[in-house]
Amino acid sequence: MLKSDRTLLGCRHAGAHRVVATAVVALVCLLAHGWGPGRARAVQYEMLIDVDTEEDLQELFTTGQISEDTWNTLVQIMRRGVDLDRADRESLYALPNLTYDDVDAILAYRAEAGTINDPAALVPAGVLTEAQLLQIAPFLTVSGDFRPLSATNGRLRFQMVGSPVDDRPPSMALQARVTTLRNLSMGLALVSTRLRLGDPRYDPTRDALSVDAATNRLHVPKFFVRWEGEHAEVLLGTFRAGFGQRLTFDNSDRFTPNGIYADDAVFWNPGMTTRCRESTGELADSPCNTFTGAQRITSDLRWRNSLMGAAVGAEHLSLGPGWLQLYAFGSYQPQSIYQYEIYDRGRCADPRNDSDPNCAAPDIYRRRDDLLAPTSEYSFSTLNNVYAEALGGGNVSYFFSRRAHVGVTGYAAHARFLTEGIDLDFQEWSTRPFGGGVYGAVGADAAFGRGMWDFFLEVAHSFDQQAGGGGGLGAIARTTLTWDRQELELSARYYDEDFSNPYGRPIAASDEQSGNRARDEVGGRVRYTGSIANTLNLRASADLWSQPSVQQVKLLTFVRADLTLGDVVNPGLWFQYQNKDLQRGGHLDVCFSMTTDDDENGEPIPCTGEQYQVTARLRLALGRRYSLLAQYRHEWLDDGSTVHDQDMRQDASAFISFRGNPIDPLRFVVRARFLFEDVAHRDRLEQSLWYYADISYRFPVRLTVRLRYDVLHLIDTRDATAVHSPNPEHWARIELQQTF
């Protein structure tokens, strides 16, 4: 049976001045507080999350309803699962649509009942509503009653992506995860790729780098063995970790991390990509200027490097009136990097000297059997296994109660470039600091809660060997007020210009300074979530921040709501306003449509400008097993081009999706999206129609088969579209999952 998902209602008004946009958010928050008791949802996600599968999350991300950070977080939670019988307060709060009031009620029930073997028991006990339980159910795992030592369960997942025009075997992945001996779990991921380049090597004849061409390769990027007892755990293999407010150390994709997490994630990029990324180099013409070179190919399945090594942890060690928590971890992980994020220290003294051509990234040539034969160069490519990062860190925390603790977190890392014969280092805008040596951060965090109020604080100092840097200070404070199942979150942050922490992931704006989001930023954010008369669910946010080094003040506000008119019709309206420089007006020399622009060396240039966005939605429940969702979005944004030097560019997009569950084992979704960028000029940007069908069937033997087929038509009149091949694009994904 399909669960009834909520749609959102907000106020996005494109013609208002930026001050009005801010006032709208503030007004909505004040009204929501003044209208008396209501029900609330957690504030860390942009919308009410009501999904059944990972593919549902993928659709929310693809259609712009949730951010990439939210998508990453929820996918990881869904894959790992949260056990209500064992999870701590922060792990429960990461579940969608729960406030701290809800979380504390779950913990109080667990303490009184002794265990939560059946989450459904929370509904008659008045801890959660039936709707809340249905919304978090896909993210839960149930440990059940006492398991014999020999009990074993797990899953095998195989996926494959390809296209009729591909001339190579499809990209495939096989993932296995097994739990046995009560506390032992193991995981493995194998991935085959076609588009990854070979490892870079130094070419002395050209004083540059060379790589083998892309070909079929098999990788083992993820694996782990984990033992998890009542008070201790040990993990070997690939993992993620995070603590506190994510300021000192976090790569976990969790909103409120606390501990270590096994990592065996493999992702799929819906779409096709450029087959050839070679420029002329030493040849007379680029290999990409042929028919075969210009064709597109299905994107490879991908993964994100995490930590690879060992981690140990101990929790709930009784000490005085509270308990102690200890974690230590070490990692040695080869890393990939974008080709323009490195430079040759033998030719350049300071990568920040953009006037010196020797400080540009080294050329990357295609390596041939005859090393002296003329060859092409690669452009805009990722280089694999460029450097290896050795890292060690840990956390010590003392908990006075589940709502109060103090802790210290720290780590140190060193990057060693693996290519011999050339002295490589990071560009100044890479995530890692340049200059060699050890880098890292040390910080302290604290939390305190009483009644309706929870307060969180973390302060950290980074360190590195960068010339003129050496490290800087970062601090973040966050508080939540929860009452009558409403929630208000207030946060303030300060990140020094020299706070260079590649493993910091605190609350920060999406723009980057020298490769890091949490750097050169001072800001504050207010978020509110609640409902009025059990009909109108509101989500509002206002984030104001500045980059002191460039004296830019920026603003992001949105209001989203969820209007429930019975069980059939759910309309919605969203409003969002963003300004990348409140001190600057006009439409010239701006590029809002991109986070950054790139100069001739591939280095990012911060963009400015404004954006207004209005989204209207309508969901219809067609009985208990079918639903229809339609959405239209109109956007006004500064383009920066000469054709829009007196006005704002307008983009339009719309999609419609039909979901069905005709019988319990069978689910399907059919979706179509129309995109029209720059509605005033059909020959400038993309105009496309994208549609797909996704169907899955669960067999009685616990085998689920899923098939998705996509088609993308480019229908604009650009010169690039005329030679785009293939057009339309076709690609398919097959997934088999066996649980036992």
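The values are calculated or read from the model by the stated rules, or taken from the named source; none is laboratory data. As the structure is a computational prediction, the values presented were derived from the model and not from experiment. Please note: Cβ atoms are built from the backbone with ideal geometry, for glycine as well, and neighbour counts cover all protein chains shown.
Residue-by-condition table, conditions (1) in a helix (DSSP H, G or I); (2) over 27 Å from residue 540 (Cβ atoms):
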| site | (1), (2) |
| --- | --- |
| 45 | no, no |
| 72 | yes, no |
| 77 | yes, no |
| 102 | yes, no |
| 112 | yes, yes |
| 124 | no, yes |
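For first residues located in region 439-456 and farther than 27 Å from residue 104 by Cα, partners that are polar (S, T, N, Q) and crowded, with 17+ Cβ neighbours inside 10 Å and lie 6+ apart or on another chain with Cβ distances below 6 Å form the pairs 441/248; 441/462; 441/501; 443/248; 443/409.
Does residue 263 satisfy being in contact with a Ser or Thr (Cβ under 6 Å, 6 or more places away or on another chain) and crowded, with 19+ Cβ neighbours inside 10 Å? Outline the logic, then answer.
Values: in contact with a Ser or Thr (Cβ under 6 Å, 6 or more places away or on another chain): yes; crowded, with 19+ Cβ neighbours inside 10 Å: yes.
Yes, satisfied.
Yes or no, residue by residue, for (1) of a type in the set (D, E, K, R); (2) under 22 Å from residue 256 (Cα atoms); (3) out of contact with any Gly (no Cβ under 9 Å at 6 or more places or on another chain); (4) loosely packed, with under 15 Cβ neighbours inside 10 Å:
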residue: 100; (1), (2), (3), (4): no, yes, no, no
residue: 113; (1), (2), (3), (4): no, no, yes, yes
residue: 127; (1), (2), (3), (4): no, yes, yes, no
residue: 148; (1), (2), (3), (4): no, no, yes, yes
residue: 158; (1), (2), (3), (4): no, no, yes, no
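Okay, residues lined up against (1) farther than 23 Å from residue 452 by Cβ; (2) within 22 Å of the chain's Cα centre (by Cα); (3) surrounded by fewer than 19 Cβ atoms within 10 Å (Cβ to Cβ):
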site: 495; (1), (2), (3): yes, yes, no
site: 503; (1), (2), (3): yes, yes, no
site: 522; (1), (2), (3): yes, no, yes
site: 544; (1), (2), (3): yes, yes, yes
site: 559; (1), (2), (3): yes, yes, no
site: 569; (1), (2), (3): yes, no, yes
site: 574; (1), (2), (3): yes, yes, no
site: 577; (1), (2), (3): yes, yes, no
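Scanning region 129-146 for residues that are surrounded by fewer than 15 Cβ atoms within 10 Å (Cβ to Cβ) and either of a type in the set (Phe, Trp, Tyr) or not in a loop (DSSP other than H, G, I, E, B) (or both) yields 130, 137, 146.
So which of 59, 55, 68 is modelled with pLDDT under 85 and in contact with a helix residue (DSSP H, G or I) (Cβ under 8 Å, 6 or more places away or on another chain)?
68
Take the conditions (1) under 20 Å from residue 635 (Cα atoms); (2) in a strand (DSSP E or B); residue 704 misses just one of them, which is (1).
Screening region 297-322 for residues that are among the charged types (D, E, K, R) and surrounded by fewer than 21 Cβ atoms within 10 Å (Cβ to Cβ) and picking the one that is farthest from the chain's Cα centre (by Cα) gives 315. One residue alone among 697, 692, 709, 626 is touching a Gly at 6+ places or on another chain (Cβ under 9 Å) and farther than 30 Å from residue 580 by Cα, and that residue is 626. Annotation note: of 431, 479, the sole residue that is within 28 Å of residue 96 (Cα to Cα) and not aliphatic (A, V, I, L, M) is 479.
So, of the residues in region 494-526 that are modelled with pLDDT of 95 or more and in a strand (DSSP E or B), which turns out to be farthest from residue 462 (Cα to Cα)? In this case the residue turns out to be 526.
The residue that is nearest to residue 304 (Cα to Cα), counting only those in region 203-216 that are surrounded by 16 or more Cβ atoms within 10 Å (Cβ to Cβ) and not hydrophobic (A, V, I, L, M, F, W, C), is 210. Among the residues of region 383-405, which ones are surrounded by 16 or more Cβ atoms within 10 Å (Cβ to Cβ) and either more than 24 Å from residue 239 (Cβ to Cβ) or among the hydroxyl-bearing types (Ser, Thr, Tyr) (or both)? Matches in region 383-405: 383, 387, 397, 398, 402, 403, 404.
Kindly indicate the residue of region 606-639 that is small (Gly, Ala, Ser) and outside any loop (DSSP other than H, G, I, E, B) and also nearest to residue 561 (Cα to Cα) among those meeting that condition.
First, the residues of region 606-639 that are small (Gly, Ala, Ser): 609, 616, 621, 623, 627, 630.
If we keep only those that are outside any loop (DSSP other than H, G, I, E, B) too, we end up with 616, 621, 627, 630.
Working: 616: 11, 621: 18, 627: 20, 630: 16 Å.
Within region 606-639, the match that is nearest to residue 561 (Cα to Cα) is 616.
Using the structure shown, decide if residue 118 is modelled with pLDDT under 90 and more than 19 Å from residue 480 (Cα to Cα). It is true that residue 118 is modelled with pLDDT under 90 and more than 19 Å from residue 480 (Cα to Cα). Listed by position, the strands (runs of 3 or more DSSP E) enclosed by region 316-398 that each have at least 2 residues that are polar (S, T, N, Q), closer than 20 Å to residue 197 by Cβ and in contact with a Leu (Cβ under 8 Å, 6 or more places away or on another chain) are 322-338.
Quick check: is even one residue across region 469-491 free of Cβ contacts under 8 Å to residues at least 24 places away in the same chain and touching a strand residue (DSSP E or B) at 6+ places or on another chain (Cβ under 6 Å)? Before you say what the answer is, go through the steps one by one.
First, the residues of region 469-491 that are free of Cβ contacts under 8 Å to residues at least 24 places away in the same chain: 477.
From what is left, the residues that are touching a strand residue (DSSP E or B) at 6+ places or on another chain (Cβ under 6 Å) are 477.
There is at least one residue in region 469-491 that is free of Cβ contacts under 8 Å to residues at least 24 places away in the same chain and touching a strand residue (DSSP E or B) at 6+ places or on another chain (Cβ under 6 Å).
Those residues that are within 27 Å of residue 304 (Cβ to Cβ) and surrounded by 18 or more Cβ atoms within 10 Å (Cβ to Cβ), I need them from region 335-359; list them, please. Show your work before the answer.
Kept after step one, since they are within 27 Å of residue 304 (Cβ to Cβ), are these residues of region 335-359: 335-343, 351.
Across region 335-359, the qualifying residues are 337, 339, 340, 341, 342, 343, 351.
Entry remark, region 221-245: residues being under 16 Å from residue 88 (Cβ atoms) and crowded, with 20+ Cβ neighbours inside 10 Å number 5 in total. Taking region 47-57 as the range and being under 21 Å from residue 562 (Cβ atoms) and either touching a Ser or Thr at 6+ places or on another chain (Cβ under 7 Å) or not in a loop (DSSP other than H, G, I, E, B) (or both) as the test, the residues that pass are 56, 57.
Filtered by the rule that a residue be surrounded by fewer than 18 Cβ atoms within 10 Å (Cβ to Cβ) and assigned to a strand (DSSP E or B), region 640-659 gives 652, 654, 656, 658. Residues in region 472-493 that are part of a strand (DSSP E or B) and either surrounded by 19 or more Cβ atoms within 10 Å (Cβ to Cβ) or of a type in the set (D, E, K, R) (or both): 474, 475, 476, 478, 480, 482, 486, 487, 488, 489, 491, 493. Within region 429-458, restricting attention to residues that are assigned to a loop (DSSP other than H, G, I, E, B) and of a type in the set (A, V, I, L, M, F, W, C), the residue that is surrounded by the fewest Cβ atoms within 10 Å (Cβ to Cβ) is 452. Where residues in region 668-701 are modelled with pLDDT of 95 or more and of a type in the set (Lys, Arg), which of them is nearest to residue 724 (Cα to Cα)? Among them, the one singled out is 673. Across region 414-428, which residue is farthest from the chain's Cα centre (by Cα) among those that are buried (at least 18 other Cβ atoms within 10 Å of the Cβ) and aliphatic (A, V, I, L, M)? Looking at the filtered set, the residue picked out is 422.
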